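**Student:** Take a look at this one; I'll ask things after.
The values are calculated or read from the model by the stated rules, or taken from the named source; none is laboratory data. In this text, all values refer to a predicted model and were calculated from it rather than measured experimentally. Because the Cβ atoms are built from the backbone with ideal geometry, glycine has one as well, and the counts that use them run over all protein chains shown.
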Amino acid sequence: MFIARSKRILSITVAALLLSVAAVSAQDAEYVDECLAAPAAEAVEAAPAPDNSDISFTIILPNPRGDRSFIDSAAAGAERAIAELGVTGTIVETSGVQEHDAAIRRAVQDSPDLIITIAVDFSTIEEIADEFPDQMFAAQETFFPAEPDFDNLALFNIFTHENSYLAGIAAGMLTRTGIVGSVGGGDFPGINLFIVGFEEGVLSVCPECELLRSYVGDFSDPVTGKEQALSLYAQGADILYQVAGRSGEGVLDAAAETGNLAIGVDSNQDDLYPGNILVSAMKRVDNAVFTFVERIVNGTYEPGVTNVGMAEGFAGLSWDLGVCSRTFDEAGPEDLVEMLPEVRMAIAEARAAILAGDIVVTNVLLEPAQ
Amino acid sequence: MKFLRRTFDNLSIPVIAVLLGLVASSLFVALANVSPIDTYQRLFCEGFGPRGCETFGDLVFIEVENEDGSLQTVFSPLYGSGGSRIALILEQITPLILTALSAAVAFQAGMFSIGMDGQFVMGAITVAFLGYALPDQIYMLAGVSDPEAAPEALKTAMHLIVPLICLSAAMAVGAIYSWIPGYFKVKLNVNVLISTIIFNAIAVQLVGYLVNYPLRSDLNNIARTRRIDDTAWLIPFNRGIFADVEWFSGARVGIGIFIALAAVALVWFYLRRTTAGYEQRMTRGSSLFARFGGIPTDRAALRAMLISGALSGLAGALAVLGVERRIVDGFATSGVGFEGVLVAILAKESIIGILLVAPFIAGLNLGATNLQFGDIPRQLGGIIISFIILFSAMEDFIRARLTALFKWRPTRQRSAPDGEGAAA
């Protein structure tokens, strides 16, 4: 009882402090919603697609479509490339790891100009790239322990620790209980990249916040994802960050069911449960796929590793320019919506500091995990 | 004449079953807004045809362009430009034949064991571990610090011994894993169907745990074990002796297919030509009668379970040693064991039947997965396969209808009582 009361007093003080800070900052820098300031929609007429139908690519998706997240984002990029660049594209879904190898080998038989793989294990890629030196490959989300040396393989990694940090700021500022959790698809660096960045973001604005974590161990199991989310909410968390592919759908569902908040991942998931999804930490896999195809069309394909992140516009928040999701403003709880301009201000400042190098977010893929 | 008629009779029924399956699934194909004929041509071309196959005709003869631009008609199964699908089928049926044999042996002792999946993954994880641990030990004992610099003689010896030990170990593990439910059945009368289902679940979870924790090689996105040593690797033809033959390109078919075929011959000999095999088949026919006749039915059943488990374990070992070279998380749920059960049932447990059904199912699976390369949704492939399997399972019904329709040979007794028609 005493603790609860002291917590409340504390939170009131913090809120008061924040308000005064906001008032002060409001004087010298009024938060400008770039989305409102930006010209309404691109009025530019989409140019008719050039005819590049003699250029072909095949994209291998690691799981079936329909996760409304990572996989769908990759497929959307491929579809955009087909539509805008006028190339011939084949989108191939696989049902899991055991089919990746066979699907890529089958794709090689058609000898397209480029085969794009998404989140396929590096040993599979390594073996196939070695076996078919005349076939060009581009791999998104494949992490090699040592930089590979193939003339026919381009690797593209999107680092998402920085935008996760920004999502963490939003969560840290808007949590009512002071407990924030993450639900990951599995306990390995590719996922912890998101979670560690997010947790650092939370702690940067709310040092006393308690952090919870759980791992589903599967990327296509929404039922378990939901169970774990419900359990985290029951432990007092009120905002959960899901990094679990289709399993994460369960987390979003649990947020809507319990009236708590969740943060979406990879795609813009804000509209799936309006008002229950605070923001989405987007990873523009679609842009990565599009870039691959664009390079083949322009003849600028280059083997080797490309690392991109927030600075290059491949990672960001759904609130940002380009997506400008304002679903939470319309459907979210009023007391939190009132705080949004302040949150966005803090995020804009943090973004500038990250890009300037003043804030360094841990990248667990490059540094030892915590 | 009689032989011709019988062959025609035996062949016509599967063909009719396939056609019925295609007709039935047309409804779903049409619902998906694609032309059924195009879909089926695509399905069979992707499964059985050569590269560039577009129509049913291309399955047999295909016109290909020579280097000088002239056209030439070639016999499709031998056309290997860009790799042959037949080679891919050979890769796929290697474990499939073994798990199907495994199921057939158990069924023919009256044990309805469907534990092939569990035995398969247990055999696979055994060699995935031994495949690198054993060479490591040998190098250490031989005092070789750098395996690359090991003396040639040692390497040659290891190339012979290590795979042999790995395969034997996998067979032993599979056999034990199958013997336990068999023992439960014989001593405690526990239903084999239920106990093997549970044993499958245990094996899949156990392998999932092992791959994710103790045997995990690195912290990559997808958990996997260390790659097996090159001395344990059964090098596929396309990397070894037939590296220049384009027909094999991309398909990892290797010595395993011969091991599988040898197993077919041995199992046939065991079941049909040995006392033990006879005892086992008697046990299935009528357990009480067999026991009254002095046949140790319990022993016969347990022996069948041991052989069945060893065959499935061997299948798992060949999948790792010849194809995968490591186990990646998700391998355990791929369900090769269940495919084997399906093949055994469709083949009516006939050994020769398995040799015909396994390539057919493997080709259909291949075709169904690759329908997408023709912009046809992959789910349709699953529906078509399911219908074909459903109608294939209605063989007796179709046979009865046909007989009634044509009154071919009213005097002749149709099919053996235990349904070994396909074997004849």
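**Student:** So, in the stretch B:243-254, of the ones that are under 24 Å from B:Leu355 (Cα atoms) and more than 15 Å from the chain's Cα centre (by Cα), which residue ends up surrounded by the most Cβ atoms within 10 Å (Cβ to Cβ)?
**Tutor:** B:Phe248
**Student:** Okay, moving on. Between a residue in the stretch A:106-131 that is more than 7 Å from chain B (Cβ to nearest Cβ) and farther than 21 Å from B:Pro50 by Cα and any residue that is in a helix (DSSP H, G or I) and of a type in the set (D, E, K, R), which pairs come within a Cβ distance under 7 Å, given they are 6 or more apart or on different chains?
**Tutor:** Close Cβ pairs (under 7 Å, with a partner that is in a helix (DSSP H, G or I) and of a type in the set (D, E, K, R)) amount to A:Thr124/A:Asp101.
**Student:** Filter the stretch B:49-60 for residues that are of a type in the set (A, V, I, L, M, F, W, C) and more than 14 Å from chain A (Cβ to nearest Cβ); which is surrounded by the fewest Cβ atoms within 10 Å (Cβ to Cβ)?
**Tutor:** It comes out as B:Val60.
**Student:** Return yes or no: is A:Phe137 more than 9 Å from chain B (Cβ to nearest Cβ) and either hydrophobic (A, V, I, L, M, F, W, C) or under 23 Å from B:Asp218 (Cα atoms) (or both)?
**Tutor:** Criteria met by A:Phe137.
**Student:** Filter the stretch A:113-131 for residues that are crowded, with 21+ Cβ neighbours inside 10 Å and over 19 Å from B:Arg224 (Cα atoms) and give the result.
**Tutor:** A:Leu114, A:Ile115, A:Ile116, A:Ala129
**Student:** Just a yes or no: is a residue in the stretch B:196-218 touching a residue at least 24 places away in the same chain (Cβ under 8 Å), among the hydroxyl-bearing types (Ser, Thr, Tyr), in contact with a helix residue (DSSP H, G or I) (Cβ under 6 Å, 6 or more places away or on another chain) and within 14 Å of chain A (Cβ to nearest Cβ)?
**Tutor:** No, every residue in the stretch B:196-218 fails to be touching a residue at least 24 places away in the same chain (Cβ under 8 Å), among the hydroxyl-bearing types (Ser, Thr, Tyr), in contact with a helix residue (DSSP H, G or I) (Cβ under 6 Å, 6 or more places away or on another chain) and within 14 Å of chain A (Cβ to nearest Cβ).
**Student:** Okay, moving on. Of all residues in the stretch A:164-194, how many are closer than 11 Å to A:Tyr215 by Cα and out of contact with any helix residue (DSSP H, G or I) (no Cβ under 6 Å at 6 or more places or on another chain)?
**Tutor:** 5
**Student:** Can you name every residue in the stretch B:219-232 that is of a type in the set (Gly, Ala, Ser) and within 11 Å of chain A (Cβ to nearest Cβ)?
**Tutor:** The one that is of a type in the set (Gly, Ala, Ser) and within 11 Å of chain A (Cβ to nearest Cβ): B:Ala223.
**Student:** Considering only residues that are more than 12 Å from A:Val293 (Cβ to Cβ), within 12 Å of chain B (Cβ to nearest Cβ) and surrounded by 20 or more Cβ atoms within 10 Å (Cβ to Cβ), which ones fall in the stretch A:57-74?
**Tutor:** A:Ile60, A:Leu61, A:Pro62, A:Asn63, A:Phe70
**Student:** Checking the condition touching a helix residue (DSSP H, G or I) at 6+ places or on another chain (Cβ under 8 Å), under 16 Å from B:Pro95 (Cα atoms) and not in a loop (DSSP other than H, G, I, E, B), which residue from B:Leu318, B:Leu302 passes?
**Tutor:** B:Leu318
**Student:** Just the residues that are closer than 17 Å to B:Ile388 by Cα and of a type in the set (Gly, Ala, Ser), please, taken from the stretch B:349-363.
**Tutor:** Residues satisfying the conditions are B:Gly353, B:Ala358, B:Ala362, B:Gly363.
**Student:** Within the stretch B:312-354, take every residue that is acidic (Asp, Glu) and within 14 Å of another protein chain (Cβ to nearest Cβ) and give me the one that is farthest from B:Asn10 (Cα to Cα).
**Tutor:** B:Asp329
**Student:** Please go through the stretch A:82-101 and give me each residue that is assigned to a helix (DSSP H, G or I), buried (at least 21 other Cβ atoms within 10 Å of the Cβ) and at the interface with another protein chain (Cβ under 7 Å from one of its Cβ atoms), ordered by number.
**Tutor:** Within the stretch A:82-101, A:Val97 is the sole residue that qualifies.
**Student:** Just give me the residues in the stretch A:258-277 being assigned to a strand (DSSP E or B) and touching an Asp or Glu at 6+ places or on another chain (Cβ under 8 Å), in sequence order.
**Tutor:** Correct list: A:Leu261, A:Gly264, A:Ile277.
**Student:** Right, another one. So, in the stretch A:146-184, how many residues would count as being within 14 Å of chain B (Cβ to nearest Cβ) and modelled with pLDDT under 90?
**Tutor:** Total meeting the criteria: 3.
**Student:** Just to be sure before I move on: is B:Trp233 over 30 Å from B:Ala301 (Cα atoms), aromatic (Phe, Trp, Tyr), buried (at least 16 other Cβ atoms within 10 Å of the Cβ) and modelled with pLDDT of 90 or more in the structure I sent?
**Tutor:** Judged against the criteria, B:Trp233 is a match.
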